[in-house]
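Undergrad: Sharing a structure with you now.
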Amino acid sequence: MNFKFHIKQDFGWPCAMRISWFDQPVLFKILMTMKLTVLLLTIFTLTVQASVHAQRVDIHVQNERLDKVFDALYKQSGYAFVFNAKQLQSAKRVTVHLKDIPVEQAVKTILSDQPFDYAIDEKVITIKAKKVGPPKSKIEINQYEDPDTKEWVIEGRVIDAETKQPIEGVTIRVRRDGISTESDKNGDFRIVISKNGDSEFYK
């Protein structure tokens, strides 16, 4: 379809152009056609994205290497996996039985107990080390006065607030005197301070 425009010079303003009233219905049709085209392209893009994320796979493996599981996913879905082979040396063997589930859900399930995270960009899945923050510590303290020296004794134990496991290497420092100690492999520590001492805990 060919459209012709009737452009008129507006002599009231130098170098100004305007479209005559006679041609405005044609311009309206062009604008509506452009809007419809953009709408159709948007719908098509969303449909393609939805179909990609809804792609389903079947994975049945027993005590398999993680990179081999990625190979199986690639063959079924066409998703490429990008990862550092050295990082995968710390990966656990995989045992899963997944049937007719979306690719992203399969990857999430497979990596649920692995030290890795993932990011999906179109049909490329990048595997990266999972960011692990420091454990939330809890300090159990017993403070008493030594009857012979009249000094304060602080004994305690540092544990993980969630797992209750001991945390080694936590520094306990007396701010005023600069005296410090560290928790041992059992999370235990002991420090002697004067009565006016003020203790701070650092990990």
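Each row is one residue, and each column tells you yes or no for (1) exposed (fewer than 15 other Cβ atoms within 10 Å of the Cβ); (2) of a type in the set (V, I, T).
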position	(1), (2)
A106	no, no
E145	yes, no
G156	no, no
I172	no, yes
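Undergrad: Given the criteria modelled with pLDDT of 90 or more, surrounded by 11 or more Cβ atoms within 10 Å (Cβ to Cβ), more than 24 Å from the chain's Cα centre (by Cα) and not basic (K, R), does H60 qualify?
TA: It is true that H60 is modelled with pLDDT of 90 or more, surrounded by 11 or more Cβ atoms within 10 Å (Cβ to Cβ), more than 24 Å from the chain's Cα centre (by Cα) and not basic (K, R).
Undergrad: Answer with yes or no whether Y202 is at pLDDT below 90, of a type in the set (S, T, Y) and touching a Ser or Thr at 6+ places or on another chain (Cβ under 6 Å).
TA: Yes; evaluated as a whole, the condition is true for this residue.
Undergrad: Also, I was wondering about something else. Out of the range 53-82, which residues are assigned to a strand (DSSP E or B) and among the β-branched types (V, I, T)?
TA: Result: V57, I59, V61, V82.
Undergrad: Do the conditions hold for K150, that is, is it in contact (Cβ under 8 Å) with a residue 40 or more places away in the chain, part of a loop (DSSP other than H, G, I, E, B) and either surrounded by fewer than 16 Cβ atoms within 10 Å (Cβ to Cβ) or not hydroxyl-bearing (S, T, Y) (or both)? Please lay out each step first, then the result.
TA: On the way: in contact (Cβ under 8 Å) with a residue 40 or more places away in the chain: yes; part of a loop (DSSP other than H, G, I, E, B): yes; either surrounded by fewer than 16 Cβ atoms within 10 Å (Cβ to Cβ) or not hydroxyl-bearing (S, T, Y) (or both): yes.
When the stated conditions are applied, K150 passes them.
Undergrad: Let me ask something additional. Please state which of the following conditions S112 fails to meet, knowing it meets all the rest: (1) exposed (fewer than 12 other Cβ atoms within 10 Å of the Cβ); (2) in contact with a Leu (Cβ under 7 Å, 6 or more places away or on another chain).
TA: S112 satisfies every listed condition except (2).
Undergrad: Which of the residues spanning the range 161-184 are outside any strand (DSSP E or B), touching a strand residue (DSSP E or B) at 6+ places or on another chain (Cβ under 7 Å) and more than 25 Å from T149 (Cβ to Cβ)?
TA: Residues satisfying the conditions are A161, Q165, I167, G169, V170.
Undergrad: With the requirement that a residue be among the β-branched types (V, I, T) and over 19 Å from E168 (Cβ atoms), what does the range 136-150 give you?
TA: Within the range 136-150, T149 is the sole residue that qualifies.
Undergrad: A follow-up question, please. Kindly provide the set of residues from the range 92-108 that are touching a residue at least 24 places away in the same chain (Cβ under 8 Å) and either part of a helix (DSSP H, G or I) or out of contact with any strand residue (DSSP E or B) (no Cβ under 7 Å at 6 or more places or on another chain) (or both), ordered by number.
TA: Passing the criteria: K92, V103, E104, A106, V107.
Undergrad: Take the range 115-133 and flag every residue that is touching a residue at least 40 places away in the same chain (Cβ under 8 Å), surrounded by fewer than 12 Cβ atoms within 10 Å (Cβ to Cβ) and either basic (K, R) or more than 20 Å from Q87 (Cα to Cα) (or both).
TA: Answer for the range 115-133, where residues must be touching a residue at least 40 places away in the same chain (Cβ under 8 Å), surrounded by fewer than 12 Cβ atoms within 10 Å (Cβ to Cβ) and either basic (K, R) or more than 20 Å from Q87 (Cα to Cα) (or both): just E122.
The values are calculated or read from the model by the stated rules, or taken from the named source; none is laboratory data. Values in this document were obtained by computation on a predicted structure and should not be read as measured data. Counting neighbours? That spans all protein chains shown, and the Cβs are built from the backbone with ideal geometry, glycine included.
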